[in-house]
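The values are calculated or read from the model by the stated rules, or taken from the named source; none is laboratory data. Everything numeric here is computed off the predicted structure, so don't read it as measured data. So basically every Cβ, Gly included, is an ideal-geometry build from the backbone, and we count neighbours across all protein chains shown.
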């Protein structure tokens, strides 16, 4: 974990779930382009637009430039491992989890 997720007085913090191995795709799914932006850029943007501080849960190091990362300390558990790591790290009252592979999710839904 790079630092405490949701530090300060944040009411709600957003987490992009991006820790998958992308075995079926053959490349890191988070870096796949979609409508001139990568999937991770789109997900981070949606959560920012919804007014939240954003963290990436379970990701590997190539994504650290998009948002702070909460490392998954129990790899191999799929999205649940990233969710558990994020919940352990957050200090905000609420957390929102957005899978990286939902590029059409609008901020108004959050």
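Which ones in region 3-52 are surrounded by fewer than 19 Cβ atoms within 10 Å (Cβ to Cβ), closer than 16 Å to residue 94 by Cα and at pLDDT 85 or above?
Hits for region 3-52 are 11, 12, 48, 50, 51.
Restricting attention to region 50-82, and to residues there that are in contact (Cβ under 8 Å) with a residue 60 or more places away in the chain and part of a helix (DSSP H, G or I), which single residue is farthest from residue 110 (Cα to Cα)?
81
Only one of (1) modelled with pLDDT of 85 or more; (2) surrounded by 15 or more Cβ atoms within 10 Å (Cβ to Cβ) is not met by residue 59, so which one is it?
(1)
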